[in-house]
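Heads up: the structure comes next, in structure tokens.
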Amino acid sequence: MFIRFITTGGTIDKIYFDALSHFEVGESQVQHILAEGLVDFDFDVVPLMHKDSLDIDDADRRKLRDYIEQDDASRYVITHGTDTMPETAAALRDLEGKTIVLTGALSPARFRTTDAVFNVGMAVGAVQMAPPGVYIAMSGQVFDGGAVRKNRAENRFEKIT
């Protein structure tokens, strides 16, 4: 089995700069998460963007969609910032024969306490088992990409009913 990981940035890859007292998107942490998880499947990591999700626009979503549409893989895990993850999921709908799972983190992967590792693991499991379509793996659940939202007040993802 082969999984292509595409990184776009977001909190999962953020680094804290003490001197500046703010966070910036750094290098992707996916390779480290997979190595520490001792995964036994074929994969590669494509760093497509290094953006906070609030800075991802329709042109970026088109770039992501075009990349996947023209690529020969069938399974994708996309790391993405949480604020606009549902919008990107919507932009990737209807890509025939592709199973796409977006995931990210509510706290940076470099932090001692983070949901990043768990979310990436959920995404890896989902992308192997789910039929073609677009999904979001967050908050210990796998959601249909078109029926989920981030509940900022509760700091979690939830199904839209």
- Note on the structure: Between Val101 and residues 5 or more places away or on another chain, the pairs with built amide H atoms under 5 Å apart involve Tyr76, Val77, Ile78, Tyr135
- Dipole magnitude of the chain about its Cα centre (Cβ charges: Lys, Arg +1; Asp, Glu -1), debye to nearest 20: 420 debye
- Among Met1, Gln70, Gly125, the residue whose Cα sits farthest towards the positive end of the charge dipole of the chain, when +1 is placed on the Cβ of each Lys and Arg and -1 on the Cβ of each Asp and Glu, is Gly125
- Message: Which of Val148, Val39, Val117 ends up with the largest GNM mean-square fluctuation for the chain, with Cα atoms connected below 10 Å?
- Response: Val39
- Taking only Cα atoms and a 10 Å spring cutoff, compute GNM fluctuations for the chain and point out the largest among Lys150, Lys63, Lys98. Lys63
- Which one of Ile56, Tyr135, Val45 is farthest out on the positive end of the charge dipole of the chain, using unit charges on Cβ (Lys, Arg +1; Asp, Glu -1) and the Cα centre as origin? Tyr135
- Query: Most mobile of Asp52, Asp13, Asp72 per a Gaussian network model of the chain (Cα springs, under 10 Å)?
  - Reply: Asp72
- Query: In the set (i) -0.28, -0.42, -0.59, -1.19; (ii) -0.20, -0.31, -0.45, -1.21; (iii) -0.68, -0.75, -0.75, -1.17, which value of log10 I(q)/I(0) by the Debye sum over Cα atoms at q = 0.08, 0.10, 0.12, 0.19 Å⁻¹ was calculated from the structure you see?
  - Reply: (ii)
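Each value in this text was obtained by applying a stated rule to the coordinates, not by laboratory testing. Because the structure is predicted, anything quoted here is derived from the model rather than measured. Counting neighbours? That spans all protein chains shown, and the Cβs are built from the backbone with ideal geometry, glycine included.
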